[in-house]
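Input: a single structure, listed below in structure tokens.
The values are calculated or read from the model by the stated rules, or taken from the named source; none is laboratory data. It should be emphasised that the depicted structure is a prediction, and the values quoted were computed from it without experimental measurement. Positions of Cβ are generated from backbone atoms using ideal geometry, with glycine treated the same way; all protein chains shown enter the neighbour counts. All accessible areas refer to the heavy atoms of the entire protein, side chains included, with ligands and DNA or RNA removed. Shrake-Rupley method; radii C 1.70, N 1.55, O 1.52, S 1.80 Å.
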Amino acid sequence: MVEIIITPLGTISPYPKNNMNCPGFLIEYKNEKILLDCGNGITRLLSFPNILQNLKVIITHYHKDHFGDIGAIQYASYVYHNLEILNNKIKIYLPKDDYAFNKQEITANKESYSEYFAIDNNYSFYINDLKVTFEDNNSHTIKSYMVKLQNKDFKIIYTSDIGTTNFEKLIEFCNNADLIICESSFLKKHHSKSKTHLTAYDASILAKKSNAKKLLLTHFWPEEDKNEYLEEAKENFKNVDIAIENKKLILKRDYHG
Ligand SMILES: [Zn+2]
Ligand SMILES: [Zn+2]
């Protein structure tokens with residue numbers, strides 16, 4: 001049996017509230033682990049110092065809600081390295097083009113035991129046999145990368161923050177995914193004019209048109225009931241769930257050698 005474990009660590013934005021944090025998902029696969037975004041508050045759900053061993057962190061874009069806790073992870077890596085508990089640098093993957101000096105601030109951190117890699121559309125790396133690729137979605141307020149994790153058995157998409165202006169490309173990127181972890185910042189009732197975020201209903205259209213198997217909604221408004229997002233998406237796509245902090249989702253495949 002091969003499995004990928006997906007643990008939501010942060011599901012709301014723009015600020016943490018109660019037991020909910022800003023965006024972050026932990027992906028565990030064949031003893032490797034990767035963090036998709038590093039929002040405010042997610043570190044309280046991680047097991048230190050073990051989490052730091054061979055840790056890879058992806059920051060999809062330079063909005064604070066997606067990297068608010070990177071300083072805590074960096075400082076923990078520095079401290080545990082000094083204690084001789086951490087011997088390998090953590091790897092941090094960041095958008096190549098800086099925005100508002102955020103990249104500069106992260107990479108200039110002297111009290112961090114980490115190394116940095118620049119994300120652009122042509123960049124990829126592997127977690128075991130799982131290929132990680134990126135695509136600028138061209139529809140958020142700043143450059144923001146969607147993430148694809150794929151091998152012969154699985155295809156998982158993490159949309160990060162996306163809008164509606166590049167929808168056909170988005171459908172193509174998500175085509176036949178086993179799972180789309182999709183932002184749904186708004187509900188229809190908000191009557192948002194935003195073209196740089198999705199509603200839960202938009203997310204359901206994406207899942208349906210891309211023939212996805214499952215949709216996991218995230219990036220909720222802290223003041224709303226998550227079930228409203230679920231109901232709105234269900235109108236159009238049945239196999240949908242809402243991301244809840246620490247509620248694991250496990251994708252499995254029988255291993256045929
Ligand atoms: Zn954003
Ligand atoms: Zn966001």
- By residue number, the members of region 26-61 that are farther than 19 Å from Ser124 by Cα, open to solvent by less than 10 Å² (accessible area, probe 1.4 Å) and within 16 Å of ligand 1 (Cβ to nearest atom) are Cys38, Gly39, Ile42
- Query: Considering only region 62-73, how many residues are surrounded by fewer than 19 Cβ atoms within 10 Å (Cβ to Cβ) and either of a type in the set (Asp, Glu) or at pLDDT below 95 (or both)?
  - Reply: 0
- Considering only residues of region 88-106 that are closer than 22 Å to Ile127 by Cβ and away from ligand 1 (no atom under 15 Å from the Cβ), which is surrounded by the most Cβ atoms within 10 Å (Cβ to Cβ)? Ile92
- Of the numbered conditions (1) open to solvent by 10 Å² or more (accessible area, probe 1.4 Å); (2) under 16 Å from the mean Cα position of the chain (by Cα); (3) away from ligand 1 (no atom under 16 Å from the Cβ), Phe167 satisfies every one except a single condition; which is it? (2)
- Do we find a residue being in a strand (DSSP E or B), of a type in the set (S, T, N, Q) and open to solvent by 20 Å² or more (accessible area, probe 1.4 Å) anywhere in region 172-192? no
- Any residue at all in region 218-226 that is part of a helix (DSSP H, G or I), over 21 Å from Asn137 (Cα atoms) and touching a strand residue (DSSP E or B) at 6+ places or on another chain (Cβ under 7 Å)? yes
- Query: Residues of region 237-257 being assigned to a loop (DSSP other than H, G, I, E, B) and open to solvent by less than 30 Å² (accessible area, probe 1.4 Å), which ones?
  - Reply: Phe237, Ala243, Glu245
- Can we say Ile5 is closer than 21 Å to Leu249 by Cα and of a type in the set (A, V, I, L, M, F, W, C)? yes
- If the Cβ limit is 9 Å and pairs must be 6+ apart or interchain, which residue in region 222-241 that is at pLDDT 95 or above pairs with which residue that is of a type in the set (Val, Ile, Thr) and open to solvent by 50 Å² or more (accessible area, probe 1.4 Å)? Lys226/Ile244
- Query: Among the residues of region 74-87, is there at least one that is surrounded by fewer than 20 Cβ atoms within 10 Å (Cβ to Cβ), within 16 Å of ligand 2 (Cβ to nearest atom) and not in a loop (DSSP other than H, G, I, E, B)?
  - Reply: no
- Which of the residues that make up region 127-146 are in contact with a strand residue (DSSP E or B) (Cβ under 7 Å, 6 or more places away or on another chain) and more than 14 Å from ligand 1 (Cβ to nearest atom)? Ile127, Asn128, Leu130, Lys131, Val132, Thr133, Phe134, Glu135
- Query: Across region 96-111, what is the number of residues that are over 17 Å from Gly68 (Cβ atoms) and in contact (Cβ under 8 Å) with a residue 40 or more places away in the chain?
  - Reply: 1
- Task: State whether the residues of region 76-85 include one that is away from ligand 1 (no atom under 16 Å from the Cβ) and under 19 Å from Phe117 (Cα atoms).
- Result: yes
